[in-house]
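Everything below concerns the one structure shown next.
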Amino acid sequence: MHVIREPILTATLDEMSQRMFGNLVKAVVDVEQGIMAIDAEMHADEEALLLSEGSRQGDLWGINLYPKDFGTPEFIEFDSVINIRPSQGNRTRSVEDPDVRARIAAIVNRLVAR
């Protein structure tokens, strides 16, 4: 697992995806700190890593990245069990709030480069 604070190349993400799932890399984004954890089998592990480094639970959202789809809407999939948070108005695995989705996308687009 890695905490990403500086840009990472899509080629590196692609290598990670090949080792783990074949086409995707799981990630957890901290929408307040503008960082993300990547390269774990479960979003919950990445979430735990960020929490141990000072992130707040309510700021963390699970996504999947598809490196081969970089630059398309399919690059980011807003789906994770850790996103089920009725107390925050998010009742599904998806990130339902369009503003939160936009914040996540902006962070990912800043942290991932071709």
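The values are calculated or read from the model by the stated rules, or taken from the named source; none is laboratory data. Because the structure is a prediction, the values reported are computed rather than measured. When we count neighbours, we look across all protein chains shown, and the Cβ atoms used for this are built from the backbone with ideal geometry, even at glycine. Accessible surface is based on the protein model in full, side chains and every heavy atom, while ligands, DNA and RNA are left aside. Shrake-Rupley method; radii C 1.70, N 1.55, O 1.52, S 1.80 Å.
Nearest 10 degrees, 0 to 90: what angle lies between the long axis of helix 98-111 and the longest principal axis of the chain (Cα atoms)? Around 30 degrees separate the two axes. When Val81, Val108 are compared by accessible area at a 1.4 angstrom probe, the order from most to least is Val81, Val108.
Compute the accessible area per residue over the chain, keeping the other protein chains in place, probe 1.4 Å, unit Å². Write out the running numbers ahead of the final one.
Values: 5850 Å² over 114 residues.
Per-residue value: 51 Å².
For the range 1-74, trypsin sites (Lys or Arg not before Pro) meeting the loop criterion (DSSP other than H, G, I, E, B) and having at most 14 other Cβ atoms within 10 Å: Arg5, Arg56.
For the pair Val3 and Thr72, the difference between a 0.36 nm per residue extended length and the Cα-Cα distance amounts to 22.5 nm. For the range 19-28, backbone phi angles converted through the Karplus equation (6.51, -1.76, 1.60; θ = phi - 60°) give residue-by-residue couplings of 6, 9, 10, x, 9, 9, 10, 6, 8, 10 Hz, Gly and Pro being listed as x.
Residue separation times 0.36 nm, minus the C-alpha to C-alpha distance between Arg19 and Gln88: what's the value?
Details: separation 69, 0.36 × 69 = 24.84 nm, distance 3.40 nm.
Stretched out fully, the Arg19 to Gln88 stretch lengthens by 21.4 nm.
Over the residues of the chain, the helix contribution to mean residue ellipticity at 222 nm works out to -9500 deg cm²/dmol, using -39500 (n - 2.57) for each DSSP H run of at least 4.
In this simple spin-label model, placing a label point 7 Å from the Cα along the Cα-to-Cβ direction at both Glu96 and Arg114 gives a separation of 3.6 nm.
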